[in-house]
Structure formats: structure tokens, C-alpha cells
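Reading through the C-alpha cells given below for one structure.
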Amino acid sequence: MAFALWPALHHLVIQRTSADPWAFGGWSMYCVPKLEVGVGIVGIRGEQAVALQRSVLPPAAAARIAVFNRARRAMGTMLTPDPIARVVLEGIPELDAVQIVVRQGWLDPATGRIAAREWTYTYARPR
């Protein structure tokens, strides 16, 4: 019985969480190409927001971003970029906050075209 219900449940999980259709042993994988995840980081100091280039980020941030990209592709919105924010705020003490923009490709079921979804997570420096 569970085996018969899993395809429908898997499809629902994928649609609700933007998780990778290739993950969790479902059959949605046969309908969608592997799509990448991108991460952008914006540093906030006072009222000024500046996009941070990878070259100014703490060395540990690159490793956290790589791990997050792989895991986010599989887990979708069930995974947040908290560890990236923590490393950036610890490594750049002059920032008041950091925004992490996650961009993930998906197959729009209404049009059948590949589109992008974007989520913005804001993290204030703990006082």
C-alpha cells in the first residue's frame, strides 16, 4: 500500500518544499533535469546594503556555501542558510546584518519551462 502511495506523496513533497525530484527515491526525477542552486550575499551596515563578492567573504564561507548548495538542491526549503550567515557575521564584524539570497531553478508545471525561484533570508547580528 505504501509503495503505491509513495509517487503521489513524493510529488507533493517536491512541490511544497522545492526539494530535488531526484532525491527521496521518487519517480519525479524522470521528468526534471538537475537544476543548480545559487547563493548571493548582501552585507548590511546601517542603512547601506552592499552585495558581497566571494573574494571578501571569510575563507570558511566558501566551504559552507558549497555544502549548502549540495544539500539545498536535495532538501529544498527544508534547509535554511543559517550556517552561512553565522560564518559571514563572525568573519566581518563591521556588518550589522546579512541577507542571503537563494536562487533555485525549477520546472514550472503550468508552462513546462524552467524558471527560477528566489528566497531572501535576513540575519541580524546578535546583540
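The values are calculated or read from the model by the stated rules, or taken from the named source; none is laboratory data. Note that the coordinates shown come from a computational prediction; the quantities given were computed from them, not determined experimentally. Neighbour counts are summed over all protein chains in view; Cβ atoms, including those assigned to glycine, are modelled from backbone coordinates with ideal geometry.
Things worth noting here:
- Of the residues screened, residue 80 is one that is in contact with a strand residue (DSSP E or B) (Cβ under 7 Å, 6 or more places away or on another chain), modelled with pLDDT of 95 or more, over 17 Å from residue 46 (Cβ atoms) and in a loop (DSSP other than H, G, I, E, B).
- Condition check for residue 102: without any contact (Cβ under 8 Å) to a residue 40 or more places away in the chain, surrounded by 14 or more Cβ atoms within 10 Å (Cβ to Cβ) and in contact with a helix residue (DSSP H, G or I) (Cβ under 7 Å, 6 or more places away or on another chain): no
- Filter result for the condition that a residue is more than 11 Å from the chain's Cα centre (by Cα) and at pLDDT 90 or above, over 103, 125: 125
- Any chance residue 47 is surrounded by fewer than 18 Cβ atoms within 10 Å (Cβ to Cβ) and in contact (Cβ under 8 Å) with a residue 12 or more places away in the chain: no
- Residue in the stretch 108-117 that is touching a strand residue (DSSP E or B) at 6+ places or on another chain (Cβ under 9 Å), surrounded by 14 or more Cβ atoms within 10 Å (Cβ to Cβ) and either among the polar types (S, T, N, Q) or free of Cβ contacts under 8 Å to residues at least 60 places away in the same chain (or both) present: no
- First in the stretch 1-20 and surrounded by 13 or more Cβ atoms within 10 Å (Cβ to Cβ), second anywhere and of a type in the set (A, V, I, L, M) and assigned to a helix (DSSP H, G or I), Cβ under 7 Å, 6 or more apart: 17/78; 19/13; 19/74; 19/75; 19/78; 20/74
- Residue within the stretch 72-94 that is hydroxyl-bearing (Ser, Thr, Tyr) and crowded, with 17+ Cβ neighbours inside 10 Å present: no
- Of the residues 85, 61, 49, the single one that is over 30 Å from residue 11 (Cα atoms), touching a strand residue (DSSP E or B) at 6+ places or on another chain (Cβ under 9 Å) and not in a helix (DSSP H, G or I) is 49.
- Of all the listed residues (90, 94), the sole one being acidic (Asp, Glu) and either in a loop (DSSP other than H, G, I, E, B) or more than 28 Å from residue 127 (Cβ to Cβ) (or both) is 94.
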